[in-house]
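Peer 1: Please see the structure below; I have some questions.
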Amino acid sequence: MSMTATPPALPDVLAERWVRSVKQECLLKLILFGERPLRRALQQYVAHYHEERNHQGKQNRLLFPLPNRRASGDDGIVRCKERLGGLLKYYAREAA
C-alpha cells in the first residue's frame, strides 16, 4: 500500500506565500527589540501590502486602494513615499 501526498490546501499555500513575503521584504531587514516594534513593523507592512504595493499577479494593481487615490490620470507630480524609514517605498501621483 503506497501513500500519496495530497496537495496542500489553497489557504495554506497563500498563507505561506504571505509569510515569506513579509519576512523577505520587511522582517529580515530590520533589527527589532521587543514585541512592540515587531507589531509596529507588521502593521506598517500590512498597510503597505494592501494599500500601496502593486501585485504582479493582479496586473500590477493595488489590492485595496485608498478611496482618495485616483485610479488613473496623467496630471500631477509623482512622488516617492516611504514607510519604516525608507525600507518600504511606493510612488503616488499628487493631485493636480
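Coordinate-derived values only; no laboratory data. Quantities reported herein were computed from a predicted structural model and do not represent experimental measurements. Neighbour counts run over all protein chains shown; Cβ positions are idealised from the backbone, glycine included.
Peer 1: Below 17 Å, Cα to Cα, which aspartates and glutamates can K89 reach? Residues fewer than 8 away in the same chain don't count.
Peer 2: In chain and number order, the partners are E25, E51, E52.
Peer 1: Sticking with this structure for a sec: Got a sec? How would V13, V78 order by Cβ neighbour count within 10 Å, fewest to most?
Peer 2: Taking fewest neighbouring Cβ atoms as first place, the list is V78, V13.
Peer 1: Please compute the contact order of segment 18-93 in relative form: average sequence separation of alpha-carbon pairs under 8 Å and at least six residues apart, divided by the residue count, as a percent.
Peer 2: 24
Peer 1: List the extent of the Cα atoms of segment 18-93 along each of their three principal axes, largest first, rounded to whole Å.
Peer 2: Principal extents (largest minus smallest coordinate, Cα): 43, 25, 19 Å.
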